[in-house]
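Structure first, commentary second.
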DNA sequence: TGGTTCGAAACACGCC
DNA sequence: GGCGTGTTTCGAACCA
């Protein structure tokens with residue numbers, strides 16, 4: 001292999017290793033998050049509800065309303081009482 | 001291989017093939033369902049809302065209320081207005 | 001005019017019911033599959049191993065191409081660099 | 001007493017905020033990874049191929065055992081039948 | 001920006 | 001009834 005090819009291969013290897021290292025960190029954090037929910041569950045919280053709340057907080061304000069409006073519209077169209085929700 | 005072993009192997013093969021055939025059918029239906037939603041989307045419906053509605057209709061009545069109650073409780077605990085939903 | 005008017009209620013209902021009907025069929029098949037494994041188990045087969053076998057058989061469709069692709073992938077990653085040579 | 005009293009509000013808030021903070025960190029890392037690929041792309045590498053390579057490298061940890069298991073799986077599926085021989 | 005593809009998260013099932 | 005596995009679903013990332 002020529003030097004040029006070697007250099008390219010090395011560069012590729014380094015980039016891949018950086019990506020892999022970061023991916024590992026990401027996995028670590030994902031595990032930490034998982035632990036938080038395990039702890040919450042152990043303390044008697046409903047993790048499903050917690051995740052819903054986090055999703056709501058994350059979504060831009062208007063988006064939640066918008067989704068609810070569509071849902072209510074569809075429920076009405078089907079003759080279902082959304083009051084039951 | 002003895003006859004007994006052959007019989008067992010044949011039986012195993014038949015069972016596996018039955019399971020595989022059924023799995024194929026299941027995939028076919030899954031595709032059909034997917035097509036329904038594609039069609040719905042093409043007609044301008046919000047498929048996410050549709051799926052939510054289907055989930056609600058499937059869930060036993062009390063369950064939906066129960067989940068909403070927990071969610072509202074948590075939102076209140078966080079000082080969030082669930083009226084915004 | 002209410003929100004109801006905003007959606008073609010009948011169309012929506014029909015689509016949802018089609019999806020629900022198909023979902024029922026899918027569940028039915030899933031049950032059939034489950035029955036096959038129950039039967040296998042009753043006859044003394046190891047169902048966990050059977051499922052593994054089925055997974056392997058499924059994977060090995062297309063396995064050959066996949067193997068051939070690995071080297072090409074590496075070459076591809078370096079490919080544009082080769083232009084530099 | 002309101003529903004609010006039913007949950008330990010502070011505890012809930014802290015858990016949720018911890019989860020959210022970790023989620024932010026995770027996003028940050030995801031962005032870093034994204035940057036690595038942007039950089040790779042800028043240097044002329046094929047990022048799709050790189051990702052494939054990374055996936056392969058990840059899979060091939062533990063690949064050897066897996067290969068060895070296939071025959072054993074078949075034997076296991078038939079295993080209890082052998083007792084009949 | 002919208003569609004598509006991909007990986008990760010949620011769900012459902014069977015097992016213990 | 002909880003756990004682990006496998007499937008399905010969802011959201012994020014990339015491309016056009």
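Rule-based calculations on the coordinates, nothing more; no lab input. If you're wondering where the values come from, they're calculated on a predicted model, not measured in any experiment. Counting neighbours? That spans all protein chains shown, and the Cβs are built from the backbone with ideal geometry, glycine included.
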Put the label 7 Å from Cα along Cα→Cβ for residue C:44; what are its distances to the other copies, in nanometres, shortest first? 5.2, 6.5, 6.7
Suppose you put the label 7 Å out from Cα in the Cβ direction; list, shortest first and in nm with one decimal, how far residue C:56 is from each other copy's label. 2.4, 4.8, 5.0
Go ahead and run the numbers for FRET between residue B:65 and residue A:38, Cβ-Cβ distance against an R0 of 41 Å, rounding to 0.05. 0.90
Angle in degrees between helix B:47-58 and the longest Cα principal axis of chain B, rounded to the nearest 10: 80
Hey, got the average number of other protein chain Cβ atoms within 10 angstrom for residues in C:42-55? 6
Run the label-point distances for residue B:9 please: 7 Å along Cα to Cβ, every other copy, nanometres, shortest first. 4.6, 6.4, 7.1
For region D:10-52, shape from the Cα gyration tensor axes a ≥ b ≥ c, cut at a/c of 1.5 then a/b versus b/c, turns out prolate
Expressed in nanometres to one decimal, the distance between label points 7 Å along Cα→Cβ at residue C:30 and residue C:56 is 2.7
Neighbour-count ranking [beta-carbon atoms within 10 angstrom, fewest first] of C:54, D:53, A:29: C:54, A:29, D:53
Could you line up D:14, A:78, B:15 from fewest to most neighbouring Cβ atoms inside 10 Å? D:14, A:78, B:15
So what's the back-of-envelope 222 nm ellipticity for chain A, counting only DSSP H runs of four-plus at -39500 (n - 2.57) apiece and dividing by all residues, rounded to 500? -28500 deg cm²/dmol
Taking only the alpha-carbon atoms of chain A, the convex hull volume per residue, in cubic angstrom, is 184
Could you work out, residue by residue across A:18-27, how many beta carbons of other chains sit within 10 Å of that residue's beta carbon, and then give the average as an integer? 6
Using the number of other C-beta atoms within 10 angstrom as an exposure proxy, rank A:43, D:13 with the fewest first. A:43, D:13
